[in-house]
1. Could you grab the pairs with beta carbons closer than 6 Å, sequence gap of 6+ or different chains, first residue in the stretch A:234-246 and within 12 Å of chain B (Cβ to nearest Cβ) and closer than 18 Å to A:ALA298 by Cα, second one among the hydrophobic types (A, V, I, L, M, F, W, C) and part of a strand (DSSP E or B)?
2. Identify the single condition in (1) part of a loop (DSSP other than H, G, I, E, B); (2) under 30 Å from B:LEU271 (Cβ atoms) that A:LYS170 does not satisfy, given that it satisfies every other one.
3. Could you say whether any residue in the stretch A:134-156 is among the β-branched types (Val, Ile, Thr), at the interface with chain B (Cβ under 10 Å from one of its Cβ atoms), buried (at least 23 other Cβ atoms within 10 Å of the Cβ) and more than 21 Å from B:GLY246 (Cβ to Cβ)?
4. Need pairs with beta-carbon distance below 9 Å; first residue touching a residue at least 24 places away in the same chain (Cβ under 8 Å) and within the stretch B:52-80, second surrounded by fewer than 18 Cβ atoms within 10 Å (Cβ to Cβ) and acidic (Asp, Glu); sequence gap 6+ or separate chains.
5. Out of B:THR185, B:THR229, which single residue is within 14 Å of chain A (Cβ to nearest Cβ) and assigned to a loop (DSSP other than H, G, I, E, B)?
6. Any idea which residue in the stretch B:34-58 is nearest to B:ASN180 (Cα to Cα), counting only those that are crowded, with 23+ Cβ neighbours inside 10 Å and at the interface with another protein chain (Cβ under 7 Å from one of its Cβ atoms)?
7. Restricted to the stretch A:192-226, and to residues that are part of a helix (DSSP H, G or I) and in contact with a Phe, Trp or Tyr (Cβ under 6 Å, 6 or more places away or on another chain), which residue is nearest to A:LYS291 (Cα to Cα)?
8. Find the residue count for the stretch B:377-395, including only residues that are at pLDDT 95 or above and of a type in the set (S, T, N, Q).
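The values are calculated or read from the model by the stated rules, or taken from the named source; none is laboratory data. Owing to the predicted nature of the structure, the values given are computational and were not obtained by experimental measurement. When we count neighbours, we look across all protein chains shown, and the Cβ atoms used for this are built from the backbone with ideal geometry, even at glycine.
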Number of protein chains: 2
Amino acid sequence: MKNKFAKRLSSDGCSEADKVIAMIMKLTEMPEVISFAGGLPDGELFPIEEMKKVTQKLLDEDGHNALQYSSTHGIKELREIIAEQIMAEAGVDITADNIMITCGSQQALEFSGRIFLDEGDVVICESPSYLGAITAFQAYGPKFVEVKMDNEGMVMEELEEALKNNPNAKFIYTVPDFQNPTGITLPVERRKKMVELAQKYDVLILEDNPYRNLIFEGDRLPAIKSFDTDDRVIYHGTFSKVFCPGLRIGWVCTSKEFLDQYLLVKQSVDLQTNTMSQKETALYMKMYDLKENVNKIAAVYRRRRDLMLKTIQEEFPSNCSFTHPNGGLFLWVTLPENLDASDVLKKAMEMRVGFVPGIAFYPNGNCRNNFRLNFSSMKDDQIVEGIKRLGEVLKSYQ
Amino acid sequence: MKNKFAKRLSSDGCSEADKVIAMIMKLTEMPEVISFAGGLPDGELFPIEEMKKVTQKLLDEDGHNALQYSSTHGIKELREIIAEQIMAEAGVDITADNIMITCGSQQALEFSGRIFLDEGDVVICESPSYLGAITAFQAYGPKFVEVKMDNEGMVMEELEEALKNNPNAKFIYTVPDFQNPTGITLPVERRKKMVELAQKYDVLILEDNPYRNLIFEGDRLPAIKSFDTDDRVIYHGTFSKVFCPGLRIGWVCTSKEFLDQYLLVKQSVDLQTNTMSQKETALYMKMYDLKENVNKIAAVYRRRRDLMLKTIQEEFPSNCSFTHPNGGLFLWVTLPENLDASDVLKKAMEMRVGFVPGIAFYPNGNCRNNFRLNFSSMKDDQIVEGIKRLGEVLKSYQ
């Protein structure tokens, strides 16, 4: 049989990222590995007893509808909750008509790529940026222009330079709160500035915000979209990090004009998101207080972050630096420039401990001396033991 | 803001089909409409009590995993059930490794378009063909070559002619059992012949088979894929028509080489299918007998089909012909050539009765004198009343 695949497949996926993912997969299959590689929420914090009550009530009172096809747009009740509670709390003044439910926020990323990116268009993103977004966009053949970050996210002068040099930039892609992979948060002034720059250079902003509510100290910041005055910010949200990721409930929030395009795409690619899970999520939000659940999760993750930071401080060589995230799931370690984190991973795997090498998060693949650590999914003693082992590996290079 | 949309959007969607869908949407919002337009299973036949037991047991025994992220490939238990029970019963000898779970079979269609179609490639399909597949493929800019059908599906001589005339044909798309929209079934001899022709002209076959188990009389036929000797048939299946469509559980069954491409695409577009729904489906299949559920559904739909056929016979003018499907959800009415079913629909909507005009099912839009009737979702008295009203409308043209 002659090759039947479409030509676009050759541009799908990033070989460097693929190699990393393959390495991580291998890792998860190894027994007794302490893995800081994944991005899993801790399953023991899922509200299982509450979900039992929710599903029983739902099937009792609305079973015929819960198991039936439903609209491409998403269940109205859930869209209202997202608009009136979650988006309003983030400072965004929109209605349920501005929301479409997606199969997780990964699907929203894919749709944004499909709707906005022609081959050769420029995507401006943080350096490093979220692996899943890079992979989703890559299918549409854009060029990535990475903007340097400091401890407060994208440096605005560098962003303006990138916009000036790339008149065919389509959008700025950003994870402003507790970014994946660095854990860094963009301050309010930079959020306002980013919107100003997007207006000045007429580009869109894709605000991808899965971690906003997973905050450990202080107040939540207003979303970038809260400063949007001309429908140029598209917001992607998800319940995956604060509720149940297995239900795959995310959303896109944008102008009605843009949303019409998302609806056409959704209709043609999978008709609709799971009806039962949408109704379960809406009913949970009515019967219980999501904030209580989030606070419970955040308290545990905060303790684990503290423990990881303390152990790193004690065990890593002093020529390694690392971020101090105020929320989310990840922190970011920078090694001396001559070290390659993929080599370090090979040694670490022999010690049965894992992480994701930073190279996977650079769309242009030009930085090798850093890695991402997840602090949400391992227990306290595993965190201490795993970081100790990593420290040993790092010391072996000295 | 200057236009930001990708160029591909202009080729997304079919304007004629979009108009039809808009008309149907309007229809469903009208009170007291008898609609034969949708393709919904009857929600009253859903196994709600069983699902209550399934979800409780699942959350009791496996809640942490059921609500957590899971693999792109799909839950192994469910893939094994599909391979060893459903596919084996269809005569297809494969393993769980040949199955990937999708968000309904619509997602499998979209993936097949994405993986195999370059712009200008030829898709060979039945005339008429399934609207959702046409829409999914259209996003990738193929040319559709329609093959004439008789009461036993695609005419093989016409199929060979189409293959001969289109050396850049990529695949044959077919719904062999109780086809949507016509209700027609392809006999075994033609299934074998289709595989032979696909080999001779080196094209793939996309076998889309959502209705196979929804049979009213006689034996189920072996799947086209059961005659596949060189991995050229890709099978799309779904639980939507025999279990609960709101759970969005479909699958693709193909060679490991092809499946690797589906896995890469799935990973980048939505990571994975809903974990909870996959586990619910697998557990339902272990705790209960799906065949019993299917038999219960089929008995009801069979009675409604009989009632609809009998009423059509009595109420429609004799210059209308119609199919006698042996399963599935739909039958197909052909009007005299001078009638346009879209005009008929306008009059029918005034009488508060609806259907889908045939034009939506012809990718090249060149046939206007037929329409699709759904017999699964309306009650007996609505079927009689609705067909009577339609008969009145049709008689008004005489």
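1. A:PHE239/A:ILE249
2. (1)
3. For the stretch A:134-156, residues among the β-branched types (Val, Ile, Thr), at the interface with chain B (Cβ under 10 Å from one of its Cβ atoms), buried (at least 23 other Cβ atoms within 10 Å of the Cβ) and more than 21 Å from B:GLY246 (Cβ to Cβ): present.
4. B:HIS73/B:ASP97; B:ARG79/B:ASP97
5. When all the criteria are applied, what remains is B:THR229.
6. Only one residue fits best here, namely B:PHE46.
7. Within the stretch A:192-226, the match that is nearest to A:LYS291 (Cα to Cα) is A:LYS225.
8. Here the count works out to 1.
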